[in-house]
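Inspection log for the structure reproduced underneath, given as structure tokens.
The values are calculated or read from the model by the stated rules, or taken from the named source; none is laboratory data. In this text the structure is predicted, and so the values were computed from the model without any measurement. Cβ placement follows ideal geometry from the backbone for every residue including glycine, while neighbour counts extend to all protein chains displayed. Heads up: the accessible areas ignore ligands, DNA and RNA and are worked out on the full protein's heavy atoms, side chains in. Shrake-Rupley method; radii C 1.70, N 1.55, O 1.52, S 1.80 Å.
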Amino acid sequence: MTFNFSMQAIDHIINSAAKSNYMSAGQMSVPIVFRGPNGAAAGVGAQHSHCYASCCYMVRHSLFLLKYSTPVFVFQLGKPRLREKGKDVTITAFSKMVGYALKAAEILAKEGISAEVINLRSIRPLDRDTINASVRKTNRLVTVEEGFPQHGVGAEICASVVEESFGYLDAPVERIAGADVPMPYAANLERLAVPQVEDIVRAAKRACYRSVPMAAAA
Amino acid sequence: MALSHLKSSSSRSNLVKPLAAAFSLRRLISTSTDPITIETSVPFATHRCDPPSRTVETNPQELLSFFRVMATMRRMEIAADSLYKAKLIRGFCHLYDGQEAVAVGMEAAITKKDSIITAYRDHCTFLGRGGTLLEVFSELMGRQGGCSKGKGGSMHFYKKDSGFYGGHGIVGAQVPLGCGLAFAHKYNKDDAVAFALYGDGAANQGQLFEALNISALWDLPVILVCENNHYGMGTAEWRAAKSPAYYKRGDYVPGLKVDGMDAFAVKQACKFAKEHALKSGPIILEMDTYRYHGHSMSDPGSTYRTRDEISGVRQERDPIERIRKLILAHDLATEKELKDIEKEVRKQVDEAIAEAKESPMPEPSELFTNVYVKGLGVEAYGADRKES
């Protein structure tokens, strides 16, 4: 069904599949594609909405594509796709969030902010070169993902950029991620638990020092 | 059809009846607790144990209560179907209509000190444990009045104060948890048992056998109940299991196969199982039951079985009809009175739905509650960490 059920097989996915090529010095290559829906759907609750993108531990190659993807398209493993060229801020995203990032880019363009949107596609290997090259051009970064923020994809990207392109950053890296809670069922809470387009717009503006000051504490 | 042996008190009523008719006395629906004995529809099939008696003791009060509760469950599930189609219920919705006898029979044999844990087809089990219609519909619509305050949804109903531990979405995961509940009962020496319910689809899960092994080694008071409705989503049992005799699958653990459409057979089996579990450890009950709806609201339920099969079961084995016939045969109520009960039930369900619709959505601050126990003081963030 969805990747939520893959946790029942996680030992085999990691220990029997992912590590075998290494442990056997190439004898056991385990050419398997694990394919399934990931992340939140509408109203399916806590046990069916988990995003597993950041859980690719030892899994060497993991891709997170659009949920209801167009028919088979050919692309190169490890290569992200530049969806929108820009010069003011880089926005990285994958899967459903790419659509949201593109909408956010449209809104930002109206306000004079030119956003560059990168569809990561491949989480592991992560193309750090492309991301860093983009940040060196725009000097600002917003990472977007559906999963939990702690130890997430955005955290890794941020670390990579700080390691490789620290001098080029003109603003702190902004992270937009799912709320740090199990997915609630109620429609209004569910909406608050996943990133929305306005969250991405707000973070991009903050990175460009264009937003209003933070809301006063109550 | 079940045979009934009326005792002496009822033979008196045979004399009273014509008199009453003659005087047009208004006979009240019987709520007496005078015993009535009923024989179960089908004999029990056994594995490594002796069967309980086919003769079940009941009384008019219980018979009528079975009728009312099952009618409520049936009406509730059908109402949930309409609410789902009206998009007031979102996500997943797995309906239990057809299987009501299992929930009702089980409750009649146990107390609220015993624990029940089940999978996602949990609305009626929750109701049986003392949940209200309002809590059910509020939860289904994601409102504050729901049993999980709107945060759980259809698959995550809980009622800890009456020993109902959910409500689980991952197939088979609730069985090891149920064995754990039994471990707690044994540890606490509270003379209670745990019922871990699962379906024929989950019956092939490895974790079930692992949990069963340790439960048997430690003599835990757990009763594994396989609600065999013969289809795991769309897969028929003969395609999924090499041995669909689920009551035998425990190997060294005794098992009983029960007609799950007969509430009294279920009651007898659960009573028997509880006594067994307290004395000698785990036992498996296979309830031979049937669901009229598909697996969930996204499944029409007719692509893998024929409509004739569904209507056949509805005609021959419907659990509510069985109780209705018993009530009429024992002259405990008239047809009209039973129809009136059904009308009353329908009204209660409609009222609960109306009230649930008025219940507000959860407060946004509820997004962050219950992440840690006793609010550890750790902050939790929404999608944008810097936007509070």
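Quick check: anything in the range B:354-369 charged (D, E, K, R), within 14 Å of another protein chain (Cβ to nearest Cβ), open to solvent by 30 Å² or more (accessible area, probe 1.4 Å) and more than 26 Å from B:G146 (Cα to Cα)?
No, that holds for no residue.
Exactly one of these conditions fails for B:Y372: (1) within 14 Å of chain A (Cβ to nearest Cβ); (2) open to solvent by less than 50 Å² (accessible area, probe 1.4 Å). Give me its number.
(2)
Please give the number of the condition B:C147 fails out of (1) open to solvent by 30 Å² or more (accessible area, probe 1.4 Å); (2) away from chain A (no Cβ under 14 Å); (3) over 14 Å from the mean Cα position of the chain (by Cα).
It fails just one condition, (2).
For the range B:301-337, which residues satisfy the criterion of being over 22 Å from the mean Cα position of the chain (by Cα) and not in a helix (DSSP H, G or I)?
Within the range B:301-337, B:S302, B:T303, B:Y304, B:R305, B:T306, B:H330, B:D331, B:L332, B:A333, B:T334 qualify.
Of all residues in the range B:222-237, which are in contact with a helix residue (DSSP H, G or I) (Cβ under 9 Å, 6 or more places away or on another chain) and assigned to a strand (DSSP E or B)?
Residues satisfying the conditions are B:V222, B:I223, B:L224, B:V225, B:C226, B:E227, B:N228, B:Y231, B:G232.
Within the set of pairs 6 or more residues apart or between chains, which connect a residue that is open to solvent by less than 90 Å² (accessible area, probe 1.4 Å) inside the range A:7-28 to a residue that is part of a helix (DSSP H, G or I) and modelled with pLDDT under 90 with Cβ atoms less than 7 Å apart?
Short answer, once both residue conditions are applied: A:I13/A:S6.
Just a yes or no: is a residue in the range B:188-196 hydrophobic (A, V, I, L, M, F, W, C) and within 14 Å of chain A (Cβ to nearest Cβ)? So that I can check it myself, show each step before the final result.
Filtering the range B:188-196 for residues hydrophobic (A, V, I, L, M, F, W, C) gives B:192-196.
Applying the additional criterion that residues be within 14 Å of chain A (Cβ to nearest Cβ) yields none.
The answer is no, given that none of the residues of the range B:188-196 is hydrophobic (A, V, I, L, M, F, W, C) and within 14 Å of chain A (Cβ to nearest Cβ).
Listed residues B:D114, B:D97, B:D122; which is open to solvent by less than 40 Å² (accessible area, probe 1.4 Å), within 14 Å of chain A (Cβ to nearest Cβ) and more than 23 Å from B:E358 (Cα to Cα)?
Exactly one of B:D114, B:D97, B:D122 is open to solvent by less than 40 Å² (accessible area, probe 1.4 Å), within 14 Å of chain A (Cβ to nearest Cβ) and more than 23 Å from B:E358 (Cα to Cα), namely B:D122.
Which fully enclosed strands (runs of 3 or more DSSP E) of the range A:116-218 have 2 or more residues being under 30 Å from B:E366 (Cβ atoms)? It would help to see each step written out before you state the result.
Working: elements: A:122-124, A:141-144, A:174-176.
So the answer is A:141-144, A:174-176.
So which of B:H330, B:H295 is within 14 Å of chain A (Cβ to nearest Cβ) and touching a strand residue (DSSP E or B) at 6+ places or on another chain (Cβ under 9 Å)?
B:H295 is the lone residue from the list that is within 14 Å of chain A (Cβ to nearest Cβ) and touching a strand residue (DSSP E or B) at 6+ places or on another chain (Cβ under 9 Å).
Filter the range A:170-190 for residues that are more than 8 Å from chain B (Cβ to nearest Cβ), open to solvent by 20 Å² or more (accessible area, probe 1.4 Å) and among the hydrophobic types (A, V, I, L, M, F, W, C) and give the result.
A:V173, A:M183
Give me the pairs, please: first residue somewhere in the range B:211-238 and in contact (Cβ under 8 Å) with a residue 12 or more places away in the chain, second residue anywhere and surrounded by fewer than 19 Cβ atoms within 10 Å (Cβ to Cβ) and of a type in the set (D, E), beta-carbon distance under 9 Å, and either six or more positions apart or on two chains.
So the pair list comes out as B:L212/B:D251; B:P221/B:D191; B:M233/B:D299; B:G234/B:D299.
So if I check each of B:L208, B:L177, B:L217, which one is within 16 Å of B:V253 (Cβ to Cβ) and either in contact with a His (Cβ under 7 Å, 6 or more places away or on another chain) or surrounded by fewer than 24 Cβ atoms within 10 Å (Cβ to Cβ) (or both)? Write out each step before concluding.
Details: B:L208 fails: either in contact with a His (Cβ under 7 Å, 6 or more places away or on another chain) or surrounded by fewer than 24 Cβ atoms within 10 Å (Cβ to Cβ) (or both); B:L177 fails: within 16 Å of B:V253 (Cβ to Cβ).
Of B:L208, B:L177, B:L217, the one residue that is within 16 Å of B:V253 (Cβ to Cβ) and either in contact with a His (Cβ under 7 Å, 6 or more places away or on another chain) or surrounded by fewer than 24 Cβ atoms within 10 Å (Cβ to Cβ) (or both) is B:L217.
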